[in-house]
Amino acid sequence: MMRAFPGVRRRLSRPFSTALGLQDIPGPKAWPIVGALPDFVSRVDGMSAPRGPMLQKAHDEYYKEFGEIYRLNLVGENSVMVCRPDLYMQMYRNEGTYPVGGADNLWIIKRWAEEQNKNTYLGFSGRGEPWRKVRMVVQEDITGPKTARTYLPYINEATRLASPHMPSFAKEPNQFVTRLAFDMFSALFYGKQMKTASPSARPEDLEFVANTVQTFNLLGKSVFNGHLKMGIFKNHHVNRSFKTSWQKSYDYSCQLLEEALENSQDMSADRKPYIVRVLDRQSMPLDEVKEVAASVLLAGIDTTTSVINWNLLYLAMNPDKQEILRKELREVLGSGDLTDEIAANMKSKLPYLRAVIRETHRVAPPSSIMTQRAAPCDLELDGYKVPEGTQVGFNVYSLQNDPKYVEDPSQFKPERWLPDAVEARKGTEAEAVRGDGSVESWGHHGYGGSFFMEKEMLQDVRQVKASYGAFAALLSDGTVLSWGDPEYGSDNLDVRSQLTDVVQIASTDYAFAAIRKDGSVVTWGDFDYGGDSSAVKDQLQKVRSISSTSEAFAAILEDGT
């Protein structure tokens, strides 16, 4: 075990009281003023904002050279990168009741929001109760699994309209995918088929695409040029261009929303664009919805484009895998569209498609540093003292492509995610609640098996339950910790504040449930496997016990019903 986790060996070999300082964390040489910028630039081939593969290459080289924790000082700003989930877990554990929004460190767009008094956006990208308020609306009305499946008619239509024009983009496939992503989002959000991937696209719609894409590109440049936030760089072209392109994109998004409201007045509820349904349910007022719509569009377009592009690339590079996928799609879909019934059962209906997407995400995640935020307090990471406010990032790319954890990581093998392969690995997963109340887990690292949970977190454990690829532990203080693959229920961030005074936990293959001392029930995980209990929330009172199958929960109330 120590060979598999050298960082654990280093930590155990040092007395706790002799923690080293931030300056002792290994990393590239830092020069006065510029820090490690010369070294970083040499690894990403120049001063321009590094593209994904170059950024992954640079951080992977640092990982191999300096280990599971390293320091990167760029122009006077220290960042600490960690490559073990148990280390980064300390960030979440110390954030308090609510986690920090994923865009908390995007200073350039936050500054715009402050100047424009866009408080909803600040809450969405920030932390605390404002973050929770917006996140709950987005979770229920936009990103929930059941809601997402109802996107299919919009997506299918946008795809049908765009597909005939793909050959005309043969020399610029990324442009086609970007426009297709816009068409799908616009149809879904605003109820409008823009047809930007066709020759008949309107100039104002194409300008909307261009402004939004430029905004995201400038956002990336700002992240790697933190010095531009200083007042003396206020008129730098990155700051000026960002403000112009983002304002134009935001204004056009607001215009589309207002048109959607006007055009949907006589529509039935199920035909209205989703952003209009949010207003109909009075989840939040119009001005706040405008901020959320523009923000989700900005994030969603780039993510969708990236995922599609990487999948197409790896399928093109692996024609044998492409043929297997083509055969599966033909057998299941024929010449028809993806239906709600098939989408609801992709795990069984389209296992290879799902495996291809997961494998692509492993070899080419959207970003090498999947999340980065300021340390919420003084932390000790792997024996090093990290001061409050220091930027700490999680280098997921190196972890997912290290042969120590993944067999043949350089090979594109969707088969590793097929049900039989997962089931075979499941046989190596195990758990044990010791007599002293601590927990030891082992097996496949992606499914909760490897010891990525801090031992000090898993003490005084009363009960442990397992889903298909994650664990949940009930502690003696009535709180619950979960770990493993988020797809199988390890992510309880949305309900973390409710997981107190818990007396029992249960699990299905993809979700968990917890009974609180007052008899109420909290659920999380895949909605189709019991993770969403909102439909029966009023009935789930004074619950005595919960049982489960692989796909559903059942509760016995105190009165015996």
Q: First measure r as the distance between the Cβ atoms of E262 and K133, then evaluate 1/(1 + (r/R0)^6) with R0 = 25 Å and state the FRET efficiency to the nearest 0.05.
A: 0.35
Q. If the chain between E407 and A269 were fully stretched, how many nm would it gain, using 0.36 nm times the residue separation less the Cα-Cα distance?
A. 44.8 nm
Q: Please find the FRET efficiency linking H227 to E204, where r is the Cβ-Cβ separation and R0 is fixed at 35 Å, and quote it to the nearest 0.05.
A: 0.50
Q | Extension gain from N217 to L313, taking 0.36 nm per residue of separation minus the Cα-Cα distance | A | 32.5 nm
Q) Can you give me the Cα centroid spacing of the stretch 520-561 and the stretch 305-335 in angstrom? A) 38 Å
Q. What distance in nm separates the simple spin-label points at T549 and N94, each placed 7 Å from Cα in the Cβ direction?
A. 4.6 nm
Q.
At a 10 angstrom cut-off on C-beta neighbours, averaged per residue, how do the peptides 195-206, 213-224 rank from highest to lowest?
A. 213-224, 195-206
Q: May I ask you to order 78-84, 498-504 by the average number of other C-beta atoms within 10 Å around their residues, highest value first?
A: 78-84, 498-504
**Q.** Extension gain (nm, one decimal) between D287 and D320, 0.36 nm per residue minus Cα-Cα
**A.** 6.9 nm
Q) Taking a threshold of 30 Å on the Cα-Cα distance, which of the pairs K118/K221; K171/K413; K171/K272; K133/K404 fall above it? A) K171/K272; K133/K404
Q | Euclidean distance of C-alpha centroids, the stretch 201-249 and the stretch 150-191, integer Å | A | 24 Å
Q | Equivalent ellipsoid semi-axes, the stretch 166-239, via Cα gyration tensor eigenvalues times 5, rooted, Å | A | 31, 14, 10
Q) Once all Cα-Cα distances of the stretch 137-273 are split into 5 Å bins that start at 0, what whole-number percent is in each one? A) 2, 9, 15, 17, 18, 15, 11, 7, 4, 1, 0
Q) How far apart, in nm, are the 7 Å Cα→Cβ label points at D420 and A299? A) 3.9 nm
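Laboratory data are not the source of any read-out in this text; all were calculated from the coordinates shown. Model, not experiment: these values are computed from the prediction. Every residue, glycine as well, gets a Cβ built from its backbone with ideal geometry; the counts of neighbours run over all protein chains shown.
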